[in-house]
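Any read-out appearing in this document is the output of simple, stated calculations on the displayed coordinates, not a laboratory observation. Note that this is a predicted model, so its numbers are computed, not measured. When we count neighbours, we look across all protein chains shown, and the Cβ atoms used for this are built from the backbone with ideal geometry, even at glycine.
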């Protein structure tokens, strides 16, 4: 991934699920000096990112990051191998324990 693509991804990650105009992306992702030099610097990069399926575009030409469902992708890990060993030695079954991400909001 090119450095410009990374800058755009970092900016769009801060606004998950929102469609943002190409002009706003060029202004915010590259910084003031980059935008002053060339206000349209992001246009060809955004088009390439849509083709690579990194971004999606709506009918008005706004873009957003395609987010993958983190719950399906991420595997559950133990906090520490020592904790895992202690819990396994206890002989108790911990399969019924609800992970933090599945708890209802307080």
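The slack in the chain from residue 87 to residue 13, taken as 0.36 nm per residue of separation less the alpha-carbon distance, amounts to 23.0 nm. Listed peptides 56-66, 21-31 appear in the order 21-31, 56-66 once ranked by packing, highest mean of other Cβ atoms within 10 Å at the front.
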